[in-house]
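Structure, as structure tokens:
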């Protein structure tokens, strides 16, 4: 395992001006494809922790088989991470990125259905996602992989994990017994430089990848530190997602090439809206809101 201490290549002000821009390989000096910890040389804070080949093949395959068709659905709600400057769903590029577990916003279609049926839009917007509601059996089959990601999160980032699991235990909108409320899946998604929003500021980013076919690129980068990590199947990357980050271009070498990235986190608003609520409350909330507009 290698430890790196890196300095910022440019100021925070310059970094903010580079948000929404796509990265090139020339922007990165250090590429990591081995076990490594990376720290900020000036503050000593942990930027990322990377571990190779930690996840079980059978759990990886089970997750992929049950999620990939859903994950290929296209959406235009990713804003800055898609490189969009306008940040409106009608003009943003459509990308294959989707949400599993629980989310804290109603979609435009759901709002339309509330209005159509004369139902006031609920003040509490925390809700189960489409995948959780419509594919409960598939959802159960993806949990072994998520439990393992959570287990290693506890092992490798214990200080952050302790704070996050405490919050997760306070909400019924929780993925199994993990520290996560939400999973984002991305298929062949070349993200522009951005910072994550909506996740728990006290937590840490959890990223893994499942690949099929052959591709090159896609490294996850912290451009201000000129470092990129080549995350591949079974690897685990824990990183400070509140630092500007993005992916290098993904070059598909075969027609069937897939880079499915899996990001697990706790959404702060879900915790704030539902902390102290019970599972019985959640069931009633679903029956009174979501089920009324989907049936």
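Every read-out reported here was derived from the displayed coordinates using simple, explicitly stated rules and does not represent laboratory data. What you are looking at is a predicted structure, and each value in this text was computed from that prediction instead of being measured. Here the Cβ is made from the backbone with ideal geometry for all residues, glycine too, and neighbour counts use every protein chain on show.
Each residue, residue 275 and residue 26, gets one label point 7 Å from its Cα in the Cβ direction; the gap between the two is 4.8 nm.
To the nearest ten degrees, helix 136-156 and the longest principal axis of the Cα atoms of the chain are 40 degrees apart.
Within the stretch 135-173, what residues put their amide N at less than 19 Å from the label point 7 Å along the Cα-to-Cβ vector of residue 56? Inside the label zone: 138-156. Under 13 Å from a label point 7 Å along Cα→Cβ of residue 215: give me every residue in the stretch 30-46 with its amide N that close. No residue passes the distance filter. The value of relative contact order for the chain, using C-alpha pairs under 8 Å at least six residues apart, is 25 percent.
By other beta-carbon atoms within 10 Å, ranking 245, 194, 112, 21 with the fewest at the front produces 112, 21, 194, 245. So, in nm, how far is label residue 177 from label residue 291 when the simple model puts each one 7 Å beyond its Cα toward the Cβ? Here the answer is 2.7 nm between the modelled labels. Between residue 134 and residue 166, the modelled labels are 3.9 nm apart [label points 7 Å from Cα along Cα→Cβ].
Only helices enter the 222 nm calculation for the chain: every DSSP H run of n ≥ 4 contributes -39,500 (n - 2.57), and dividing by all residues gives -9000 deg cm²/dmol, rounded to 500. Seen against the Cα atoms of the chain and their longest principal axis, helix 279-288 is set at about 70 degrees. Taking 0.36 nm per residue of separation and subtracting the current Cα-Cα distance, fully stretching the chain between residue 253 and residue 96 would add 54.6 nm. Compared with the dominant principal axis of the Cα atoms in the chain, helix 57-71 is inclined by about 60°.
Peptides 196-205, 134-143, 225-234 ranked from most to least packed by the mean count of surrounding Cβ atoms within 10 Å: 225-234, 196-205, 134-143. On full extension, the segment bounded by residue 33 and residue 242 gains 73.0 nm, given 0.36 nm per residue less the C-alpha separation. Ordered by the number of other Cβ atoms lying within 10 Å of each residue's own Cβ, fewest first, 76, 108 fall into the sequence 108, 76. The alpha carbon centroids of the stretch 90-144 and the stretch 18-35 are separated by 32 Å. Quarter the surface of the alpha carbon convex hull of the chain and you get the mean projected area, 15.5 square nanometres.
GNM on the chain, C-alpha springs below 10 Å: top fluctuator among 254, 185, 171? For the chain, modelled as a Gaussian network with Cα springs under 10 Å, the answer is 254.
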